[in-house]
Amino acid sequence: MLTLVAKILKVLNSEASPWQIGWAIALGLFAGILPFGLLTLLIILIVCLLTINLSTFIVVWGLTSGLMLLFADPLERLTWQYAQNDSLLQLLANTETLQLLHLHHTLTLGAFVLGAVLLLPIAWLSKMLVMQYRVRVMNSVQKWKIMQMLKASKLFALYEKLN
Amino acid sequence: MIRKSGWLVFIVFFAALLALVYLFAGPAIRIGMVYSLEKAVGAEVNISKVSLELAPLALRVNNLQITDAAKPTHNSLSFGHARAALELWPALLGYYVIEELTVDGLQYGAQRSSEGAVYRQPGAEGEKVDIAKLLQVDLPDADELIGRANLQTPAKAEALKQLAATEQQQLKGLQDQLPTKDTLAQYQAEIKALTDSKIANAADLAAKAQQLQQLKDKLNAEKAKVDQVKQQLTLSKDNLQQAVAELKAASSEDYAKVQQLANLSDGGLAGISQILLGDLWGQRIAQLQSLYLLAKPYLPEKTASTAENSAEPEVILPNRILPLPGQPYPDFWVKQARVNWLIGGGEATIALQDITAQHALINSATKFSLDVKQLPQLAAFNLSGDFAILQQMVTNLNWQLDGLNLQPMTLGKGDSALDLAAGLISSGGKLNLTDNRITQQANVVLNAANFNSSGNKYLQQLAGLLNQQQQIPFNITTTGLVSAPDVSIRSSLDKLLGDALLGEAKQKVAAYQSELQAKLNSQLQSGLAGQQDWAALLTQQDGAVTDAGSSIETMLNAKLADVKDQAKDKLKDKLLNKLGGGN
């Protein structure tokens, strides 16, 4: 747990560009919502090939996968209800590539649509939040008494070690 | 913004993933299978190993044992090993197309090395079809047979008893309303007093006449009451007589029924074999309902009107795959399957083709066949059939079984136990299941049976009779709904069996009937005799009231005549006096 917090702090305070962190959060969320499959592998390939922050991606992916234990069932039911569309079903039936991506599976389809819709807003919002943190919070956080105490703690030693 | 080492990272990740899958998929699938099977059957499930083969993609399951929840020392089903070779491309698309499935050493009811845990006691529906169980019938005793014959007499006798009690009660109520002897005597005395008295003048006459009239009205009212009671008595007599007639009819009908059960020829109403095996076969047939329930989600939806009428939950396909209009493969499809079944002391191979629930997609029905000969405990067994879910679920099954050696077994228990030391079973038949409607015809022949019984004399007699028979044949037909099948079992031995088995029952019925008759007679005599006394009393009272009424009439008329005469005389005297005085 301490390692996880240290990692996040390290990334937030590092030189990594806000966009790299923003995309890592958005793609981590996308990969986390989706049931593991070919689409997840494609997202991982994108994350590996582009300079997207890997630690953030892995942390967000893990957290979102955990959350999906709660939200998979409602999402699946909702998709089943709204996916009964003749032209959509026809398209899925005729395109084997879409079936290869398991988009004819209710949960995968629902998660893909939700992830795709959230991708850009989450990336942009995360980028903005990282920027705001760095401008407004980072310096004052460093001066907080609690931060001073933290610096003397095990966590800080760990943080320093990771640096 | 391309990461230079990106491909390397991805390849390392992918390789690690494959290694993990290869190492852990087997144990993970094993845990999943044990969990879901235990949840489904409610008893311990053991799988020694599940392994995954990558090229070609196949799953191998070793040594699966499913504990029989009803008998934890035995397995309901077990096999040595099974292997399913999966086609890669459909699997990537999310369809389970199995090129070949082999199951070796399939066994029903094999003994376990240690007793399995039972998590849920089996219900009626959870039972398995088991030919040994099918034959383990509890032979009913005479009381049970009387119970099953659905006799009418006891109910009718009870009804008569009730009726007699009600009628007695009603009559007692009416008794209070009847005029007593004292009342009648008082009326007589009053009439006498009135008639004996002298009439002084016309006013006195009018007053007396009125008094007499009042008395007459009272008597008429009493008479009406007596008539009413008489009517009631007639009615109750009719009712009782009708009830007695019904009881007598029921009694003779019952007797005829018992006779019929005992002396049944082919094509009679119900045979002893029907009584013995009918319910049991019906229960077994009802288990086919589970097959229909499994297939039901795949059946096309019925018309709107029928859908509205049934308040059933929404039909959901497994895995939540969207209902594509033309999917390339069925959700699951086993193209070829070979099951080695341990039966009759040897091994029989069942070959199956095209196992799926979406037959329209592959344009072919599921077919299965089994053909074995010369096994140590079985001369020959041929089984074939097909199964398809299209507009309806249709299952056809034909079988021919010859010379299956029966293990020694005991039919029934206690006093009515019948031991079968040896025997050979042969059976042939066909079965058609269309949705939840069944048509089945089968013949079962027990050859060279050797029965023993240490029970009562009827069973000993029965065992002797059965041992004399070269063949004991049964014809079994079943029609109707699977959940409530109409089973008919006929045997040319019905009469023989009936005579032996129902001998005791007949005696009991006869004893019961004579006892009933005696009771009935005494009851009727006391009840009806009471009624006769009543009738006599009423007639007497009716007579007395009528007499009193008519005597009032007579006396009234006489009195009036008398008064008229007296008046006439007085007038005459007055006239004579006047005429005499004028001279």
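B:SER48 passes every criterion in (1) loosely packed, with under 13 Cβ neighbours inside 10 Å; (2) more than 14 Å from chain A (Cβ to nearest Cβ); (3) over 20 Å from B:GLN111 (Cβ atoms) apart from (3). Applying the criterion of being away from chain A (no Cβ under 14 Å) and within 20 Å of B:LYS296 (Cα to Cα) to the residues of region B:331-354, the residue that is modelled with the lowest pLDDT is B:PHE332. Checking region B:361-371 against the condition returns a match, with at least one residue being within 14 Å of chain A (Cβ to nearest Cβ) and either at pLDDT 90 or above or surrounded by fewer than 19 Cβ atoms within 10 Å (Cβ to Cβ) (or both).
Listed conditions (1) more than 14 Å from chain A (Cβ to nearest Cβ); (2) surrounded by 15 or more Cβ atoms within 10 Å (Cβ to Cβ); (3) closer than 21 Å to B:VAL334 by Cα are all met by B:GLY94, apart from (1). Just a yes or no: is a residue in region B:52-61 under 41 Å from the mean Cα position of the chain (by Cα), away from every other protein chain (no Cβ under 14 Å) and either crowded, with 18+ Cβ neighbours inside 10 Å or in a helix (DSSP H, G or I) (or both)? Checked against the condition, which is being under 41 Å from the mean Cα position of the chain (by Cα), away from every other protein chain (no Cβ under 14 Å) and either crowded, with 18+ Cβ neighbours inside 10 Å or in a helix (DSSP H, G or I) (or both), region B:52-61 yields no hits at all. Within the option set B:ALA85, B:ALA15, B:ALA28, being in contact (Cβ under 8 Å) with a residue 24 or more places away in the chain and either aliphatic (A, V, I, L, M) or outside any strand (DSSP E or B) (or both) holds for one residue only, B:ALA85.
Tell me which residues, restricted to region B:181-193, are free of Cβ contacts under 8 Å to residues at least 60 places away in the same chain and surrounded by 11 or more Cβ atoms within 10 Å (Cβ to Cβ). Matches in region B:181-193: B:THR183, B:ALA185, B:GLN186, B:GLU190, B:LYS192. Pick from region B:313-330 the residues that are not in a loop (DSSP other than H, G, I, E, B) and not aliphatic (A, V, I, L, M): which of them is modelled with the highest pLDDT? It comes out as B:ARG320. Where residues in region B:1-10 are part of a helix (DSSP H, G or I) and surrounded by 12 or more Cβ atoms within 10 Å (Cβ to Cβ), which of them is farthest from the other protein chains (Cβ to nearest Cβ)? Only one residue fits best here, namely B:TRP7. Please go through region A:93-106 and pick out each residue that is more than 18 Å from B:TYR96 (Cα to Cα) and either facing chain B (nearest Cβ under 9 Å) or modelled with pLDDT of 90 or more (or both). Scanning region A:93-106 gives a single hit, A:ASN94. Among the numbered conditions (1) polar (S, T, N, Q); (2) modelled with pLDDT under 70; (3) surrounded by 14 or more Cβ atoms within 10 Å (Cβ to Cβ); (4) more than 30 Å from B:LYS71 (Cα to Cα), the only one that B:GLN136 does not meet is (4).
The values are calculated or read from the model by the stated rules, or taken from the named source; none is laboratory data. This one's a predicted model, so the numbers in the text were calculated from it and none came from an experiment. No Cβ is skipped: glycine too gets one built from the backbone with ideal geometry, and neighbour counts run over all protein chains shown.
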